[in-house]
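Have a look at the structure below before the remarks.
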Amino acid sequence: MELKKFIENLNSGKRVEPNSEELAYMRKLSHEAMRITCELNYKYHTEEEIRELFSHLIGKPVDDNFALFPPFYTDCGKNITLGKGIFINSGCQFQDQGGITIGDYSFIGPKTVIATLNHGFAPQERSALDPKPVIIGKRVWIGANATILPGVTIGDNAIVGAGAVVTKDVAPNTIVGGVPAKQIGVIE
């Protein structure tokens, strides 16, 4: 399997079945991501070196204003798309097989988890993986320890409070918080 076909399959929402070609390729990408994130996380790097390593991890260039405070964890890396001026704080974990898109000038707080895969709910389908993208708009601020679940879209200028578990879409210019996250304010 080639990367382009793998990404197309997952971005279309195609279920990843146990013992499939997609699952084998997913494992291959996981090992590559582990190698790159080990290099990123366990040695000091300049900002330029961090951008270079992150570009290698996601397979595309990042903006000159991209900033990341390691450590950073992902089990794929190749389905992350970043806008300009993104900041990712330390300890974040992205499960990006289903696709993560982050809009310009968004801030991701420390220890944020962004998940794009679910397992089948029925016990006999538990080994299957169902990808759904997470889309984060422009100028979004996600607070520390937030969790964003598969299929969620967060609108432009929204704020996700620290510790929130976001299970549903977040409207632009709103503030959400809690478990599960609910609207607690509006940005005027």
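The values are calculated or read from the model by the stated rules, or taken from the named source; none is laboratory data. All values derive from a computational prediction rather than experimental measurement. Every residue, glycine as well, gets a Cβ built from its backbone with ideal geometry; the counts of neighbours run over all protein chains shown. Note: accessible area is taken over every heavy atom of the protein model, side chains too, but ligands, DNA and RNA are not part of it. Shrake-Rupley method; radii C 1.70, N 1.55, O 1.52, S 1.80 Å.
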* Going from the alpha-carbon gyration tensor of segment 77-124, what semi-axes, largest first and in whole Å, does one get by taking the root of 5 times each eigenvalue? -> 25, 13, 7
* Cα point-scatterer Debye curve for segment 59-147, base-10 log of I(q)/I(0) at q = 0.10 Å⁻¹ -> -0.26
* **Peptide ranges 43-50, 150-157 listed from the most packed, as the mean C-beta count within 10 angstrom indicates** => 150-157, 43-50
* Heavy atoms only, probe 1.4 angstrom, no DNA, RNA or ligands counted: give me CYS38, CYS76 ranked by accessible area, highest first. => CYS38, CYS76
* 10 Å-binned pair-distance histogram of segment 13-102 (Cα, whole percent) -> 17, 52, 24, 8, 0
* **Formal net charge of residues neighbouring LEU129 (Cβ-Cβ distance under 9 Å; K, R +1; D, E -1)** => -2
* Cα-centre dipole for segment 32-174 with unit charges at Cβ (Lys and Arg positive, Asp and Glu negative), debye to 20 -> 300
* Asked: What are the aspartates and glutamates whose alpha-carbon lies under 20 Å from the alpha-carbon of LYS182, with same-chain residues fewer than 8 places away excluded?
  -> ASP156, ASP169
* Asked: Which values, in whole Å and largest first, are the semi-axes of the equivalent ellipsoid of segment 111-150 obtained as the square root of 5 times each eigenvalue of the Cα gyration tensor?
  -> 26, 11, 5
* Normalised alpha carbon radius of gyration of the chain [divisor 2.2 N^0.38 Å] -> 1.01
* Could you name the lysines in cross-link range of LYS4, using Cα to Cα under 18 Å and dropping any fewer than eight places away on the same chain? -> LYS14, LYS28, LYS60, LYS78, LYS132
* Could you state how much accessible area PHE87 has, in square angstrom rounded to the nearest 10, with a 1.4 Å probe and all protein chains kept in place? => 50
* Want the number for ILE187 to GLU125: 0.36 nm per residue separation, take away the alpha-carbon distance, what's left? -> 18.1 nm
* To do: Go through segment 50-60 residue by residue and turn each phi into a ³J(HN,Hα) via Karplus (6.51, -1.76, 1.60, θ = phi - 60°); whole Hz please, and just put x for glycine and proline.
  => 4, 4, 5, 5, 5, 4, 5, 4, 8, x, 7
* Asked: What accessible area per residue, rounded to a whole number of Å², is obtained for the chain using a probe radius of 1.4 Å?
  -> 51
* On the accessible surface of segment 48-118, probed at 1.4 Å, how many percent belong to carbon and sulfur atoms? -> 51
